[in-house]
Amino acid sequence: MPELDNSFESPKPTDYNWEAILDLDRVIPCVQGGRVIEHTAPDSVNAEIVISMGAMSMTFTGSVTITEQDPATHTAVLQVKSREKGGQGYANADVTFVLHDGGGTIHTAAQISGKAASMGEGVMVSVLDGLIGDFAEKLASI
């Protein structure tokens, strides 16, 4: 299970970033290939992400839920549970955001199986790290 830590800088105030990460309609499209399909509860949506790994392209669909949020410490946890469309694999993750003045940190604990996992942990970590880095840049600009 890969665990990744990334940080990001943002010129926006902490409260603005806090509202952004809790707004699933704003935060999910920050993931390259990510989109909200439907709202299932106030803090939960069904979403889709298309991921390219080398010559392979995979589509994962599933849920994204805000499972924890602490406005006092600007800490939130988003839980992702998804299955590969037309395949046997899944990609699940707990993504923890901790915001502070000037940006924040993102800790991702992922569980991945199927074709994506068969590429090897090195490739998988590299792709995940790239996705999270791109996400952090987009998050800083929304």
Breaking point among (1) outside any helix (DSSP H, G or I); (2) touching a residue at least 60 places away in the same chain (Cβ under 8 Å); (3) within 11 Å of the chain's Cα centre (by Cα), for VAL27: (1)
Check on ASP101, loosely packed, with under 15 Cβ neighbours inside 10 Å and touching a helix residue (DSSP H, G or I) at 6+ places or on another chain (Cβ under 6 Å): yes
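Inside region 97-136, can you point out the residues that are among the hydroxyl-bearing types (Ser, Thr, Tyr) and either closer than 19 Å to PRO11 by Cα or part of a strand (DSSP E or B) (or both)?
THR105, THR108
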Failed criterion for GLU19 (all others in (1) under 20 Å from ALA72 (Cα atoms); (2) in contact (Cβ under 8 Å) with a residue 12 or more places away in the chain hold): (2)
Test: residue in region 67-82 that is under 12 Å from the mean Cα position of the chain (by Cα), hydrophobic (A, V, I, L, M, F, W, C), outside any strand (DSSP E or B) and on the phi < 0 side of the Ramachandran plot: no
Answer residue from region 83-96, given it is small (Gly, Ala, Ser) and not in a strand (DSSP E or B) and is surrounded by the fewest Cβ atoms within 10 Å (Cβ to Cβ) among those: GLY86
Check on SER63, out of contact with any helix residue (DSSP H, G or I) (no Cβ under 7 Å at 6 or more places or on another chain), part of a helix (DSSP H, G or I) and either of a type in the set (Lys, Arg) or without any contact (Cβ under 8 Å) to a residue 60 or more places away in the chain (or both): no
Conditions (1) under 13 Å from the mean Cα position of the chain (by Cα); (2) farther than 16 Å from VAL50 by Cβ; (3) free of Cβ contacts under 8 Å to residues at least 40 places away in the same chain: number failed by ALA117: (1)
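Every read-out reported here was derived from the displayed coordinates using simple, explicitly stated rules and does not represent laboratory data. Here the structure is a predicted model, which means the values were calculated and not measured. With ideal geometry, Cβ positions are generated from the backbone for all residues, glycine too; neighbour counts draw on all protein chains shown.
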